[in-house]
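Remarks on the structure that follows.
The values are calculated or read from the model by the stated rules, or taken from the named source; none is laboratory data. Worth saying up front: this structure is predicted, and the values here are computed from it rather than measured. Backbone-built Cβ (ideal geometry, glycine too); neighbour counts: all protein chains shown.
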Amino acid sequence: MRTPLHCGDRSLLLGSRTFVMGIVNVTPDSFSDGGAFMLAADAVDHGLRLLAEGADVLDIGGESTRPGADAVDVDVELQRVLPVIEGLAARGVKNISIDTRHAVVAGAALAAGAAWINDVSALDDDGMIEVARAAQALVLMHWRKAPGDHLQDHVAYDDVVAEVGSFLRSRVARACAGGIEAARIVVDPGLGFGKGVDDNLQLLAHARAFAGLGGVLVGASRKRFLGVLAGRTGARDRDDASVGAACAAAWAGADLVRVHAVRATVDALKVVDAVLRS
Ligand code: PMM
């Protein structure tokens, strides 16, 4: 049996079922839900709705990583995420993750009530380890940037599963050397971040390959490769396809899935988890 991962007042016993991270993007320009929750009160309401629908963790993000998005000033990022974390904390919500690559933002988020750090750059900011020691979990995601740094510009991999695995292994080693307990690390192959359709499918199919490095999180929700597979151009039209991807990830060994459509995913995963454990 694995050590439980704590997130505020929740205890996530990895391996017992597939856990759901609900996405709350406080950005004007995220590809999937940009502009929907720019007012802190709307974002808080959305987070509460996702919790009521069964989310185990809320992931709050203030910087878009969509293709062509401008880097956000940390002050702007702070102004976006802090009122949301504070608003949720004021309502007693403790199972909060902050989606940021900036140590300053992560530190302020933890002080405001966040429990996890979701770092899509996997420790590019030298200050992150110091801050992450106070977090209950640190998510390290693979993101090999193509020239131009755009999310969807993908690089050519000889063996995408092996390359992503070796990158994550080196970042996990860096985190552990910096004093983060291995049991508090979650790894994520970073679907859509510099990957093509086939790369994403390979990574989904082999989620279990990363299990030795930590808990495994997979984020396929609303991503472009699902639009290609399902024939849906609009990101918000991809929730049905996203539920399919979450089920595939669970079947392939993911411990957590990061999704927009929480209710449908939670119901679908109950079925997958029941079959997996029957
Ligand atoms: N994807 C996005 C943002 N943050 N974090 C993790 N750990 N994994 C992901 O796949 C991931 C992420 C981009 O998607 P969004 O704009 O819908 O949040």
### Task
Report, by residue number, each residue of region 43-65 that is out of contact with any helix residue (DSSP H, G or I) (no Cβ under 9 Å at 6 or more places or on another chain), at pLDDT below 95 and not small (Gly, Ala, Ser).
65
### Summary
Pairs returned, first residue in region 185-213 that is over 11 Å from residue 161 (Cα atoms), second residue that is of a type in the set (S, T, N, Q) and in a helix (DSSP H, G or I), beta-carbon separation under 7 angstrom, 6 or more apart or interchain, are 191/200; 192/200
### Summary
Scanning region 205-219 for residues that are more than 10 Å from the ligand (Cβ to nearest atom) and surrounded by 20 or more Cβ atoms within 10 Å (Cβ to Cβ) gives 207, 210, 214, 215, 216
### Query
Taking the condition within 23 Å of residue 218 (Cα to Cα) and touching a helix residue (DSSP H, G or I) at 6+ places or on another chain (Cβ under 8 Å), does residue 103 pass?
yes
### Task
Given the conditions (1) among the basic types (Lys, Arg); (2) touching an Asp or Glu at 6+ places or on another chain (Cβ under 8 Å); (3) surrounded by fewer than 18 Cβ atoms within 10 Å (Cβ to Cβ), report the number of the one that residue 222 does not fulfil.
(3)
### Query
Do you know which of the residues in region 191-212 that are of a type in the set (A, V, I, L, M, F, W, C) and outside any helix (DSSP H, G or I) is farthest from residue 121 (Cα to Cα)?
191
### Message
Residue under question is residue 142, and the condition is that it be in contact with a Gly (Cβ under 6 Å, 6 or more places away or on another chain) and modelled with pLDDT under 95; does it hold?
### Response
no
#### Entry: Residue in region 77-91 that is touching a residue at least 60 places away in the same chain (Cβ under 8 Å) and under 23 Å from residue 168 (Cα atoms) present
no
